[in-house]
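Visitor: The structure is given below, and queries will be raised subsequently.
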Amino acid sequence: MTDKFKNFEAFLQSIDSDLKKIFEYQQEYICCKNGCSFCCEQGDYPLSKLEFEYLMEEFAKLDNKIKIQIYQNIIEIKQADEESYKCPFLINHSCSVYSHRPFVCRTFGVLTEDSKGNPAFPSCATKGLNFSQIYDEEKQHLSVELVEKNHFKIFPKIFRLNNKVIMNLPFAKELNIDFGEAKRLIDFL
Ligand code: SF4
Ligand code: SF4
């Protein structure tokens, strides 16, 4: 750990600990496993400058062969110039910078809340993965009927977990963390 990221790592530990509890609470609806990477294949991955610098600290430690693959991925994404893209750090269905991944990646797969307070399903809910058993594709909404029909033990709780909420947590202020500007991952590269 470098001094630069000391407070940030303390903050991350606290976020990870909270997320662990959230995933445990929602476990009936979760099917994440190694090698499952749909959540890293379509997105814009917004993050702050501090998170980006932290991610790049891990990138610097990677084998040169992997680094070259990542550089090639970045070139392809920039050439395609699309809003949604496969993360360049995803190598062989696995995150090459996993321990240093941004907040947004840590919350992949959880049932969260959109800006209007409605349930925001993980993108993989439409692929038969997390929360798919209670996702009404037609209405694009949570189905109470499906929760009851599938005999789930808990009603899924919706967590407020977007980047803005996380970065404004009191603990971040206590640690005096300056996150810096935020933008899409590809725009930092
Ligand atoms: S940084 Fe890692 S976890 Fe996040 S989208 Fe990229 S590959 Fe996935
Ligand atoms: S969030 Fe969805 S796509 Fe990502 S690992 Fe979990 S189940 Fe797979």
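Visitor: Looking only at segment 113-151, count every residue that is within 23 Å of V165 (Cα to Cα) and within 16 Å of ligand 1 (Cβ to nearest atom) and tell me the total.
Guide: Total meeting the criteria: 4.
Visitor: Only one of these is touching a residue at least 24 places away in the same chain (Cβ under 8 Å) and within 24 Å of H141 (Cα to Cα): C31, C95. Name it. Can you show your working first?
Guide: Details: C95 fails: within 24 Å of H141 (Cα to Cα).
Answer to the check: C31.
Visitor: Please determine, by comparing only the residues of segment 36-67 that are without any contact (Cβ under 8 Å) to a residue 60 or more places away in the chain and in a loop (DSSP other than H, G, I, E, B), which one is farthest from ligand 2 (Cβ to nearest atom).
Guide: Result: A60.
Visitor: Return a yes/no flag: does segment 75-87 have any residue that is closer than 28 Å to F11 by Cβ and without any contact (Cβ under 8 Å) to a residue 40 or more places away in the chain.
Guide: No, every residue in segment 75-87 fails to be closer than 28 Å to F11 by Cβ and without any contact (Cβ under 8 Å) to a residue 40 or more places away in the chain.
Visitor: Let me ask something else about it. Scan segment 172-187 residue by residue and report those that are more than 11 Å from E51 (Cα to Cα), part of a helix (DSSP H, G or I) and either away from ligand 1 (no atom under 16 Å from the Cβ) or touching a residue at least 12 places away in the same chain (Cβ under 8 Å) (or both).
Guide: Result: A172, K173, E174, I186.
Visitor: Would you pick out the residues in segment 109-149 that are among the hydroxyl-bearing types (S, T, Y) and either surrounded by 11 or more Cβ atoms within 10 Å (Cβ to Cβ) or within 16 Å of ligand 2 (Cβ to nearest atom) (or both)?
Guide: Residues satisfying the conditions are T112, S123, T126, S132, Y135, S143.
Visitor: Could you tell me which residue of segment 173-189 is surrounded by the most Cβ atoms within 10 Å (Cβ to Cβ), considering only residues that are among the hydrophobic types (A, V, I, L, M, F, W, C) and closer than 28 Å to E83 by Cβ?
Guide: L185
Visitor: Okay, next question. When only residues in segment 129-162 that are outside any helix (DSSP H, G or I) and among the polar types (S, T, N, Q) count, which is modelled with the lowest pLDDT?
Guide: Ranking the candidates gives Q140 first.
Visitor: Which of the residues that make up segment 1-35 are touching a Ser or Thr at 6+ places or on another chain (Cβ under 8 Å), assigned to a helix (DSSP H, G or I) and either more than 18 Å from S99 (Cβ to Cβ) or of a type in the set (G, A, S) (or both)? Steps first, answer last, please.
Guide: Of all residues in segment 1-35, those touching a Ser or Thr at 6+ places or on another chain (Cβ under 8 Å) come to 19, 34-35.
Adding the requirement that they be assigned to a helix (DSSP H, G or I) leaves 19.
Within segment 1-35, no residue meets the criteria.
Visitor: Is there a residue being under 17 Å from Q27 (Cβ atoms) and either out of contact with any Cys (no Cβ under 8 Å at 6 or more places or on another chain) or modelled with pLDDT of 90 or more (or both) anywhere in segment 163-174?
Guide: At the first step, the residues of segment 163-174 found to be under 17 Å from Q27 (Cβ atoms) are none.
Checking segment 163-174: not a single residue is under 17 Å from Q27 (Cβ atoms) and either out of contact with any Cys (no Cβ under 8 Å at 6 or more places or on another chain) or modelled with pLDDT of 90 or more (or both).
The values are calculated or read from the model by the stated rules, or taken from the named source; none is laboratory data. Remember, predicted model here, so these are calculated numbers, not experimental data. With ideal geometry, Cβ positions are generated from the backbone for all residues, glycine too; neighbour counts draw on all protein chains shown.
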